[in-house]
Amino acid sequence: MQILEIVLYSHKGQKRVVNFEPGKINIITGSSGTGKSALIEIVEYCLGRGKCLVPEGIIRDAVSWYGIRLKFESDEVFIGRANPAKSALSTNASYLEIGSVVPSPDSIPAANTTNDAISDFLTQKVGISPNIHTPPIGQTRDALEANIKHALFYCFQQQDEIASKRYLFHRQSEDFMKQTIKDTLPYFLGAIQEDRLALEQEFARSKRELKKAEQVLKEAELIRGDGVSKAVSLLSEAREVGLIDAAARYQNITLFELVKLLQPLSVWKPGEVEFPGAEKLTQLQMELHQTRIEYNEKTEAIRAAKTFVNEANGYAAEMQQQEFRLESINLFNTDHHDSNTCPLCSSGMTRSVPSAAAIKQSLQNVKANLETAVKERPRLREYIDNLEKEQEVLLKRLQELSQEIDGIFREQSAARQLRDLNVRRGRVAGRISLWLESVNLDNDITKYKEAVNQAKQKVSLLEGQLDEENKQERLYSILNRIGIQMTEWSNNLNLEHSGDPVRFDLTNVTVVIDREERPITLERMGSGQNWVAYHLLVHLALHKFFIQHGRPVPRFLFLDQPTQVYYPRDEDSKLLGSLNHLVDDDKLAVKRMFDLIFNVVESLSPNFQVIITDHADLADTRFQSSIVERWRGDALIPDEWR
C-alpha cells in the first residue's frame, strides 16, 4: 500500500490535490505554517484513526472532507472522511471506492461506509491474517489482535517523534502504546506463524478431544471393573433383590459363564403393580379438595358478617350519643323561638343559630335511624348462626373424607413395598445391562487407550509448534539481523558511536549501542543528530525487512522535518531552505542522511515509498528531482479557500 494522492475538499466543493509517486522519495519543502506537518494527521485520519488531530485553524475551518488515494499491488482505493464539526474530534461519515483505477472524486463524496468498516477493509487488504497475542499467565491485560492501526506505527515519524530520545515509534508516548508495540511487532516481523491463531484454535480443540477420550477410557474402566469380580458383584446384587436364587453360589467359574448367567437378568421387566381403591381414592381426594374450598368460603362469610355486626354496634352507639346531645332541646321552650335571640337567656345574638324546631327535627331523625339499627341486629345474628351450622357440617365431612383416604393408603402399603422392590430390581438390571454392553462390544479397552495416546500425540505436536521459546528464538534471530543492518548503515553515516554494534531492543522499545565497557541506550546518547539518525536507521531497517519477507505493513514511510536539528526554522524567511550557512560537517551529515534514504528506496524500488516534509531545500540533484511541491508563497490550503 502506497500513497498516490492526498485530497482536500472545501465547503464550496473546491478540490485540492497533492500528488505523490509510488516507489520513490516525494519531498514537500516550504515555510512554517503552510500545512506540511498536518499531512501526517490527514493521512492517518483517512486510514482509520478514531480522532481527527488536524490542527485547529485554517485547515479545519476551510476543509469539508479529507481524502486519500492508495495504490495496492493490483488495484487502487480511494478513502474519504468528513471533517468533524468544530465541537467534535471525529465522525463516522466515510467513503470507500475500489477499482483497478480509481480517480479521486471531483466533488465532495457522499458517505457510503463507516470508519470501523474502513479499518477492517484495510486490515484485510494489506494481508494481515487473523492473529492473537495472549499475554503470559499472571498478566491482566487483554489478548490483542494486530490490525492496520498497529501497522501504521512504523509508517509515520512526526516532527516531535523523529528527534525524540525517549520514543522510537509513532504514538509510542501514548498510554499503553509501548506495550501494544511489544505485543504486535513480533507478528509483523513474522516471528509468530501466520497461521498461529488457527493453530491455537486447533490446540484448544485437541485438548478438548483428549479430555473426552480420557473420560471415555475412565468410564469404560469403571464399567468393566476387574472382570470376574465385577460380574460376581452384580450377581450378588441380583440375589439381594430376588432376581436369582438366594441360595446359589458362584465361585470358580469363568467370565464367559458369568456373562451367560447375567444376560437374562439384563432384560428383566417389572409387572404391573395394582393399587387397591385407586379409583375411589381419586374421587375422595377431589371431594376433599372441593369441601375444603367450601369450608374456607363459609369461614370467610362468617368473618365478614361478624365484622359488619361490630360496625353496626358502633353506629348505634354513635347515634345514641347524638340523641343525648339533642335531648338538651327540652331545656328551653321551642315555641315561637326567634333565631336571633338566645333560647336560654333571651338576650340578642350577633349571629343567628339554628331554631329549636330544627334541632328537635334532627333528634327525631336520629331516633328513627337508631330504631332501624336496633331492629336489624336479630337478623344478623340469625344469619351468622346459619353460617356456623353449615360450617360444622363441612368440618365433619372433611374429617370423614380424611379418615377414608387414610384407610385406602394403609391398604396400599403392601403394594408400595412391592413397587419399591421392583425399582431396586430395575436398577440392578440396568447396571447389569450396561456392564454387559461393555463386555460384549469390546472384551478389553485397548481401543480406548489407543484413542487417548493418539490425542496426546496430537496435543504434544501442536504444543511444540506453539512453543513460546521457539517464538522467542525466531524473534531474537530477526532482531539480530535487523541490528546487523543498522550497524552497517550507522558506520556509513559516521555517527558518534560508529564502529560499535547497534541493535533494536524490543523489550524496552529503544536503540542500544553495545560498547565494550557498557551498553548505551538512545536516551543516554547526546545530540539531536544521533536521535534523528537512529530513528531513521530503525525505520528503514524494519521496512527493508518487511518488504523482503512480504510482511503485511504499508509500503510507505512519512517523515516530518528530518533536518530540524540542523536547520534553524526561525531563520527560514532569510534562508529559504538553503543549507549554505551550515558548517561543512553538518552539511556532510545532512547529505549522508538523505543519501541513505535515497539508496534504501532505490534498492527496494518499486516497493517502498518515502514522503518527506521539511523546511530544507537541498541543492542536490536527487533531492531536487524528488520535490513534488514547494510551499513558499503557496500552501496546502489555496488562498481562494481562506
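The values are calculated or read from the model by the stated rules, or taken from the named source; none is laboratory data. As the structure is a prediction and not an experimental result, all values here were calculated from the model. Cβ coordinates were reconstructed from backbone atoms using ideal geometry, including for glycine residues, and neighbour counts include every protein chain displayed.
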Query raised in the report: Looking at segment 66-82, is at least one residue surrounded by fewer than 22 Cβ atoms within 10 Å (Cβ to Cβ), polar (S, T, N, Q) and modelled with pLDDT of 95 or more?
Result: no
Query raised in the report: Taking strands (runs of 3 or more DSSP E) that fall entirely within segment 479-574, which contain at least 2 residues that are surrounded by 16 or more Cβ atoms within 10 Å (Cβ to Cβ)?
Result: 502-505, 510-514, 556-560
Report task. Would you point out which residue out of A231, A213 is small (G, A, S), surrounded by 15 or more Cβ atoms within 10 Å (Cβ to Cβ) and at pLDDT 75 or above? Result -> A213
Report task. All but one of (1) under 30 Å from K269 (Cβ atoms); (2) modelled with pLDDT of 80 or more hold for K396, so report the exception by its number. Result -> (1)
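Criterion first (among the hydroxyl-bearing types (S, T, Y) and more than 30 Å from Q2 (Cβ to Cβ)) does T510 satisfy it? Talk me through it step by step, then tell me what you get.
Values: among the hydroxyl-bearing types (S, T, Y): yes; more than 30 Å from Q2 (Cβ to Cβ): no.
No; evaluated as a whole, the condition is false for this residue.
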Query raised in the report: Is it true that some residue in segment 77-89 is outside any helix (DSSP H, G or I), in contact with a Gly (Cβ under 6 Å, 6 or more places away or on another chain) and closer than 27 Å to F169 by Cα?
Result: yes
Query - Tally, over segment 581-621, of residues that are more than 18 Å from R555 (Cβ to Cβ), in contact (Cβ under 8 Å) with a residue 24 or more places away in the chain and in a loop (DSSP other than H, G, I, E, B) - result: 6
Query raised in the report: With respect to the numbered conditions (1) modelled with pLDDT of 95 or more; (2) buried (at least 18 other Cβ atoms within 10 Å of the Cβ); (3) closer than 15 Å to T29 by Cβ; (4) in contact with a Leu (Cβ under 8 Å, 6 or more places away or on another chain), which one is the sole condition not fulfilled by F608?
Result: (3)
Report summary line: Subset of segment 612-642, residues more than 29 Å from G57 (Cα to Cα), among the charged types (D, E, K, R) and crowded, with 20+ Cβ neighbours inside 10 Å, comes to none
Query raised in the report: Scanning for something in contact with a His (Cβ under 9 Å, 6 or more places away or on another chain), at pLDDT 95 or above and hydrophobic (A, V, I, L, M, F, W, C), does segment 89-104 turn up at least one residue?
Result: no
Report task. Tell me which of these Q251 doesn't satisfy, since it passes every other one: (1) in a helix (DSSP H, G or I); (2) at pLDDT below 65; (3) more than 56 Å from the chain's Cα centre (by Cα). Result -> (1)
Report summary line: Among (1) more than 23 Å from F121 (Cα to Cα); (2) in contact with an Asp or Glu (Cβ under 8 Å, 6 or more places away or on another chain), G57 falls short only on (2)
Query raised in the report: Do we have any residue at all in segment 526-542 that's under 19 Å from K178 (Cα atoms), touching a residue at least 12 places away in the same chain (Cβ under 8 Å) and of a type in the set (S, T, N, Q)?
Result: no
Report summary line: Within segment 19-48, restricting to residues that are of a type in the set (V, I, T) and under 36 Å from the mean Cα position of the chain (by Cα), the one that is surrounded by the most Cβ atoms within 10 Å (Cβ to Cβ) is I42
Report summary line: Among E287, E272, E294, the single one that is charged (D, E, K, R) and at pLDDT below 75 is E272
